[in-house]
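Contents: one structure, followed by commentary.
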Amino acid sequence: MFTVRNSGIAYLFAALCLCVLPYVRAQDGGHELKDSQLRGKKILMIAGEAEKDHPNDDLLIKKHLEQQGYVVTMGAEDDEALKVAGQDLVLLSSTADPRVIRDRYADSPVPVFTWNTVDYPEMKMTGPERHTDFETLDPVQDYARAFTMLYGYFPNVTNPIVRELSIPRSQMFGTLYLQPQAFGWAKPAPSANIVVNIEGEPTHAAVFTYEKGATMYGGFVAPARRVGFYLQDATFHYLTDLHGDAEADPNLAQWWVGLKLFDASIRWALNPPIAPDPYNPAALKSKLAAAAKGKKLLFVRRLNTPEGEESDDHIAEHLKDLGFIVTEADQSQPDTMADGQDVIVISATNSKYKMSNKYRDAKIPILCLEGLMADTLKMADRHRYVDYGEHGEAKESEDPPEAYLEIVGSYHPMAAGLKPGYVKYIKEADVLKWAMPLPSATVIATLPNSFHERAIFGYEKGAAMADEYVAPARRAIIPVDNPAFDDLTEQGHALFDAAVLWTISESGK
Amino acid sequence: MRRVTNGKALWIYTAVFAWLAAHNTGAQTYKSLSEYKLPGASARGIAIDSESRHLFVAGDDGITVLNADTGDKLGSIPLKEAQDVLLVPVMHGDEQVASAKGYATGNGSVIGFTLADMKTTANEKLPTTGPSSLCYDDDTKAVEAVSAGGSLVSIDSESGKVIRSARLTTGSGQIACGTLGHVYVADTSANVVHVLNHDTGKKDGDYPIMTGSKPSGLTLDTKGRRLFVACENGVIEIIDTDSGFTFIELKGGEGAARETFAWTPQGKGQWKAASFVAQQDGTLTGVRMNAFINYTVGGQYKLTPGLGSIAYDSKTHHLFITAMHARTPVVIVAGY
């Protein structure tokens with residue numbers, strides 16, 4: 001008898017089935033499918049067998065999903081991966097033995113929503129080390145911390161899942177009902193979007209997502225959307241919810257949202273992924289030129305400087321060529337220079353010290369070419385060489401000069417359609433600045449071999465940045481140290497144009 | 001003589017002691033102690049004044065007043081097809097003392113009466129017909145009457161006059177008065193608990209039932225934060241009224257249910273508090289409070305089928321439960 005053991009064949013089947021999914025271009029990952037379109041979606045739930053002395057909520061979850069119109073099929077932990085064919089979503093329950101399911105769903109082209117915390121490493125969603133990369137908490141063993149887990153935090157209200165809950169600002173909420181509960185958290189890779197974190201640790205994610213094309217742990221590229229959620233075996237029925245007069249109180253309605261968060265996360269996983277434009281520098285430049293036409297751009301630079309002047313001139317010329325109406329301002333001029341402008345680009349020739357806190361509060365988008373200014377602009381915290389730093393600056397960095405970036409958010413428009421992995425950014429290895437943004441930022445590129453050194457990232461308007469400062473408009477950083485603009489490779493130029501385009505685009509696009 | 005110095009033996013002693021301690025403090029086996037016969041053909045609501053030792057039972061024959069200790073009939077209050085009876089609590093500091101007034105519903109009306117001479121002092125017609133239930137709001141000193149026909153009436157417990165009246169969707173199950181003007185109503189057919197507000201005369205919302213079906217029994221802890229809902233399919237749900245969230249589900253008996261709540265129902269050193277659920281199939285369930293957020297079934301006791309309403313006597317720690325025995329209405333006195 002022929003038995004399919006090769007998961008590749010299974011995924012081929014599944015991929016063929018997925019081709020019929022409606023595919024939309026949604027740059028922010030916003031929900032595109034209406035509830036009526038989601039009804040009838042097929043969900044495969046992989047779960048362990050119920051044990052007499054250890055009741056679990058698997059069937060309750062199945063019933064809950066079916067009540068919303070999904071078609072749920074139960075699967076066993078040792079099922080062949082072939083079973084995902086024809087499904088729209090795979091759920092991995094914590095009741096399934098992670099040593100049995102292992103990595104059989106890691107390659108799945110079908111979105112995976114998992115609360116099997118111990119299996120996160122096999123899914124390439126985190127590193128391998130318990131207590132460091134992920135952790136499961138037991139309400140008896142970890143009694144005090146299990147109480148702490150009742151308090152989640154939404155670091156990014158611009159996240160499409162959080163937006164669904166109408167959370168107005170970064171704030172706490174009740175994850176589970178008021179008893180010490182089993183809980184799972186993880187520290188995902190830089191390209192993940194952290195929806196909920198806990199314990200005051202920005203990177204301890206209780207709920208996190210990877211977009212299709214995002215680089216997960218160890219360079220593994222997400223074949224479809226992935227969601228990690230804090231549930232454990234028998235905690236679904238403790239997901240917070242409210243009824244009665246409490247529903248009318250906005251504070252309570254924003255506090256007891258655990259079940260709504262679960263539902264919104266399921267919907268996000270079921271929606272079509274972002275479909276980035278393919279890499280095409282010329283097309284990108286045309287698109288940017290169309291968007292730039294007539295827009296007023298303030299280019300803040302150090303005028304009359306012995307270094308970097310020529311590079312800044314070339315940046316200004318490039319921006320003018322694109323169709324921007326460029327005004328140049330010296331770093332010493334007041335930030336009222338931005339009045340009446342549409343966008344600000346801050347050059348790396350500026351002195352962070354002399355720039356002071358200028359433009360921080362600007363209500364228009366800012367693209368900053370200098371990672372070291374991340375703290376003054378509230379785009380990172382203030383520990384030098386921890387929250388921001390540089391590669392290759394003599395006497396200031398123990399890291400060597402670098403020419404490459406690693407694309408980890410290839411799905412994002414700021415990635416210019418480049419594939420995940422290393423890309424030669426500047427022609428010769430030189431100084432590259434980086435910063436460590438807050439979880440509300442979207443990370444596009446990191447420095448090679450430096451997990452926490454994020455080179456290109458952006459904050460959506462309304463996202464909470466450092467010190468809970470809410471971004472008044474889009475904010476982005478791309479490292480163009482002087483005189484690096486003239487040294488950008490073709491891909492580097494494309495990344496620059498993509499960063500400018502995203503920065504000036506309407507929020508949510 | 002051999003001395004026990006061995007750690008294993010010590011462990012066994014400790015374990016046995018712990019088992020005994022746990023089982024000794026937890027288990028009180030309730031059983032039927034006696035049975036009081038009632039006149040008429042049915043028995044519905046029941047209330048006890050522990051101080052005066054008077055027991056009031058609503059039935060088709062009116063309100064029958066019994067001696068709670070002997071079952072001797074002391075008198076009756078005329079009210080056709082009486083449904084429910086409530087005694088207005090009187091507090092002297094923290095101590096509850098003998099009640100002076102009571103209210104009863106029946107035949108589409110609410111009557112007020114005095115306990116001393118069993119005389120009717122007030123009579124107000126309800127706006128809708130159908131079975132009706134009573135609860136007392138200690139904050140407003142008002143008696144709330146809920147008619148299954150769809151009305152909520154607030155009555156000043158002192159004067160017996162109607163303060164407010166509203167028509168709205170109610171239910172046929174038990175009711176309970178909470179804080180902040182809330183009146184909880186088990187709507188057996190709609191499978192929800194309505195949260196009515198007697199201040200506004202409107203519904204504040206509904207609490208859905210999780211896996212239970214047909215909620216009919218309802219009681220609230222006297223702090224107003226834990227609602228015990230007994231369903232006819234055998235599920236008892238405990239709802240946190242701050243959020244309307246069902247945080248515990250327990251297994252009860254089956255059939256129509258009625259409940260009562262009591263603190264230290266077996267005296268000091270035993271259960272902190274409990275909800276007692278009497279159900280049609282004859283099951284008496286004691287839902288034990290281990291902590292304010294933790295409840296378990298402390299015990300289940302088979303009495304006689306056809307159990308009805310239930311009242312707790314704080315003096316004797318006994319439970320008084322209406323029931324039908326050989327087609328005759330009775331009050332079962334349950335204790336341990």
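The values are calculated or read from the model by the stated rules, or taken from the named source; none is laboratory data. No experiment lies behind these values; they were computed from the predicted model shown. FYI the Cβ positions are ideal-geometry reconstructions off the backbone, even for glycines, and counts take in every protein chain you see. We work out accessible area using only protein heavy atoms, side chains counted, and drop any ligands, DNA or RNA first. Shrake-Rupley method; radii C 1.70, N 1.55, O 1.52, S 1.80 Å.
In table form, for the structure just shown:
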read-out	value
Among (1) touching an Asp or Glu at 6+ places or on another chain (Cβ under 7 Å); (2) within 27 Å of A:M216 (Cβ to Cβ); (3) modelled with pLDDT under 95, the one test that A:V431 misses	(2)
Pair list, Cβ under 6 Å, 6 or more apart: region A:322-350 residue farther than 16 Å from A:I364 by Cβ, other residue charged (D, E, K, R) and open to solvent by 30 Å² or more (accessible area, probe 1.4 Å)	A:G323/A:K293; A:Q331/A:R302; A:Q331/A:K354; A:T349/A:R302; A:N350/A:R302
Residues of region B:65-80 classified as open to solvent by 10 Å² or more (accessible area, probe 1.4 Å) and modelled with pLDDT of 95 or more, total	11
Selection count, region B:52-64, where residues are open to solvent by 20 Å² or more (accessible area, probe 1.4 Å) and touching a residue at least 24 places away in the same chain (Cβ under 8 Å)	3
Hits in region A:325-350 (condition: touching a helix residue (DSSP H, G or I) at 6+ places or on another chain (Cβ under 9 Å), closer than 18 Å to A:A476 by Cα and in a loop (DSSP other than H, G, I, E, B))	A:D342, A:S347, A:A348, A:T349, A:N350
Enumeration of residues in region B:243-270 that are part of a loop (DSSP other than H, G, I, E, B) and farther than 27 Å from A:L176 by Cα	B:G253, B:E254, B:G255, B:A256, B:T264, B:P265, B:Q266, B:G267, B:K268, B:G269, B:Q270
Candidate set from region B:271-297 (those that are assigned to a strand (DSSP E or B) and out of contact with any strand residue (DSSP E or B) (no Cβ under 7 Å at 6 or more places or on another chain)); member that is least open to solvent (accessible area, probe 1.4 Å)	B:A291
Residue list for region B:199-208, restricted to those being of a type outside the set (D, E, K, R), at the interface with chain A (Cβ under 9 Å from one of its Cβ atoms) and open to solvent by 20 Å² or more (accessible area, probe 1.4 Å)	B:P208
Residue in region B:248-259 that is at the interface with another protein chain (Cβ under 10 Å from one of its Cβ atoms), over 16 Å from the mean Cα position of the chain (by Cα) and surrounded by fewer than 24 Cβ atoms within 10 Å (Cβ to Cβ) present	yes
First in region B:161-189 and part of a loop (DSSP other than H, G, I, E, B), second anywhere and buried (at least 17 other Cβ atoms within 10 Å of the Cβ) and among the aromatic types (F, W, Y), Cβ under 9 Å, 6 or more apart	B:Q174/B:Y184; B:G178/B:Y184
B:I236, sole failed condition from (1) under 24 Å from A:F236 (Cα atoms); (2) assigned to a strand (DSSP E or B); (3) open to solvent by 60 Å² or more (accessible area, probe 1.4 Å)	(3)
Sole exception among (1) modelled with pLDDT under 95; (2) open to solvent by 20 Å² or more (accessible area, probe 1.4 Å); (3) within 16 Å of the chain's Cα centre (by Cα) for B:K268, by number	(3)
Criterion (of a type in the set (G, A, S), surrounded by 13 or more Cβ atoms within 10 Å (Cβ to Cβ) and modelled with pLDDT under 95) met by exactly one of A:A26, A:A96, A:A47	A:A26
A:G244 within 14 Å of chain B (Cβ to nearest Cβ), without any contact (Cβ under 8 Å) to a residue 60 or more places away in the chain, within 30 Å of B:D206 (Cβ to Cβ) and buried (at least 21 other Cβ atoms within 10 Å of the Cβ)	yes
Wholly within region A:403-499, strands (runs of 3 or more DSSP E) carrying at least 2 residues that are in contact (Cβ under 8 Å) with a residue 24 or more places away in the chain, of a type outside the set (F, W, Y) and crowded, with 21+ Cβ neighbours inside 10 Å	A:404-407, A:432-435, A:442-447, A:450-459, A:475-477
Conditions (1) part of a strand (DSSP E or B); (2) closer than 20 Å to B:S216 by Cα; (3) in contact with a Gly (Cβ under 6 Å, 6 or more places away or on another chain): number failed by B:Q300	(3)
Pick from region A:162-200, criterion crowded, with 24+ Cβ neighbours inside 10 Å and within 14 Å of chain B (Cβ to nearest Cβ), ranking: nearest to A:F451 (Cα to Cα)	A:T175
Hits in region B:211-230 (condition: under 17 Å from B:A257 (Cα atoms), open to solvent by 10 Å² or more (accessible area, probe 1.4 Å) and part of a loop (DSSP other than H, G, I, E, B))	B:T211, B:S213, B:K214
Enumerated strands (runs of 3 or more DSSP E) restricted to region A:93-158, each holding at least 1 residues that are of a type in the set (G, A, S)	A:151-154
Candidate set from region B:92-102 (those that are open to solvent by 10 Å² or more (accessible area, probe 1.4 Å), of a type outside the set (K, R) and assigned to a strand (DSSP E or B)); member that is farthest from B:R53 (Cα to Cα)	B:H92
Filter pass, B:L196 being within 13 Å of another protein chain (Cβ to nearest Cβ) and closer than 18 Å to B:A166 by Cβ	yes
One residue from A:K83, A:K63 being open to solvent by 10 Å² or more (accessible area, probe 1.4 Å) and either in a loop (DSSP other than H, G, I, E, B) or modelled with pLDDT of 95 or more (or both)	A:K63
Out of A:A264, A:A269, sole residue that is out of contact with any helix residue (DSSP H, G or I) (no Cβ under 6 Å at 6 or more places or on another chain), open to solvent by less than 30 Å² (accessible area, probe 1.4 Å) and in contact (Cβ under 8 Å) with a residue 40 or more places away in the chain	A:A269
Yes/no for B:Y184 being surrounded by fewer than 21 Cβ atoms within 10 Å (Cβ to Cβ), under 15 Å from the mean Cα position of the chain (by Cα) and modelled with pLDDT of 95 or more	no
Qualifying residue in region A:67-75 (condition: at pLDDT 90 or above, among the small types (G, A, S) and surrounded by 15 or more Cβ atoms within 10 Å (Cβ to Cβ))	yes
Count of region B:219-235 residues which are away from chain A (no Cβ under 14 Å) and either at negative phi or free of Cβ contacts under 8 Å to residues at least 12 places away in the same chain (or both)	9
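One line per residue, one yes/no per condition, for (1) closer than 23 Å to A:A484 by Cβ; (2) of a type outside the set (G, A, S); (3) open to solvent by 50 Å² or more (accessible area, probe 1.4 Å):
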residue: A:P281; (1), (2), (3): yes, yes, no
residue: A:D313; (1), (2), (3): yes, yes, yes
residue: A:P334; (1), (2), (3): no, yes, yes
residue: A:T349; (1), (2), (3): yes, yes, no
residue: A:Y353; (1), (2), (3): yes, yes, yes
